[in-house]
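Trainee: Quick one: structure below, then a few questions.
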Amino acid sequence: MRESEAVSYIKHINDCLKKRANNSLRKEGLTLMQSHVLLKLQDAPDQRMTFKEIEKDLHVAQSTTAGLLRRLQEKNLIDCCDDPKDKRIKVACLSQKGESHCAQVRHNIAQANRLMVSGLTQEEIDTLADLFSKVYSNLENE
């Protein structure tokens, strides 16, 4: 019976994290998915990614990616252009405004991370990380 309790905790933790993230991002006018794109662009070489790379990273349909990037462009958080080498390829680039939003998003993530492990010893954190790694591997290898 503890198995279902453990799985239930994982779901509740996920729900709590999403709720906290969405509440904090709402103040920035962003969604969780939009913030994920901004952080990926910030970490990408030259802060640029093709639409196709973003689509694959998010594991969503092309139309979903296009709508997401269009909304980010409307908010002036990214710039979209054609690849200079191949005009058929669309590229998203992080704008200066998008860069400033990334700092706040990273701050919010760090704050949530600290909250999650508060009260745990380093050994408990290491054990938890090992256990979650195993759970993730089980799901990925299925």
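The values are calculated or read from the model by the stated rules, or taken from the named source; none is laboratory data. Keep in mind that this is a model prediction, so the values were computed, not measured. When we count neighbours, we look across all protein chains shown, and the Cβ atoms used for this are built from the backbone with ideal geometry, even at glycine. Heavy atoms of the whole protein, side chains included, go into the accessibility calculation; ligands, DNA and RNA do not. Shrake-Rupley method; radii C 1.70, N 1.55, O 1.52, S 1.80 Å.
Trainee: For region 33-74, give me the residue count where each residue is under 15 Å from H101 (Cα atoms), open to solvent by less than 70 Å² (accessible area, probe 1.4 Å) and either of a type in the set (A, V, I, L, M, F, W, C) or not in a helix (DSSP H, G or I) (or both).
Mentor: 5
Trainee: Ok, one more. Filtering region 88-138 down to residues that are out of contact with any helix residue (DSSP H, G or I) (no Cβ under 8 Å at 6 or more places or on another chain) and part of a loop (DSSP other than H, G, I, E, B), which residue is surrounded by the most Cβ atoms within 10 Å (Cβ to Cβ)?
Mentor: That would be S95.
Trainee: Just to be sure before I move on: is K85 in a helix (DSSP H, G or I), open to solvent by 70 Å² or more (accessible area, probe 1.4 Å) and either modelled with pLDDT of 95 or more or farther than 29 Å from F132 by Cα (or both) in the structure I sent?
Mentor: No: the conditions fail for K85.
Trainee: Taking only pairs six or more apart or across chains, which ones have beta-carbon atoms under 8 Å, a first residue in region 131-142 that is under 19 Å from Y9 (Cβ atoms), and a second residue that is part of a helix (DSSP H, G or I) and of a type outside the set (F, W, Y)?
Mentor: V135/I10
Trainee: Could you list, in sequence order, all residues of region 17-31 that are open to solvent by 100 Å² or more (accessible area, probe 1.4 Å) and either of a type in the set (G, A, S) or under 12 Å from H101 (Cβ atoms) (or both)?
Mentor: Matches in region 17-31: K27 only.
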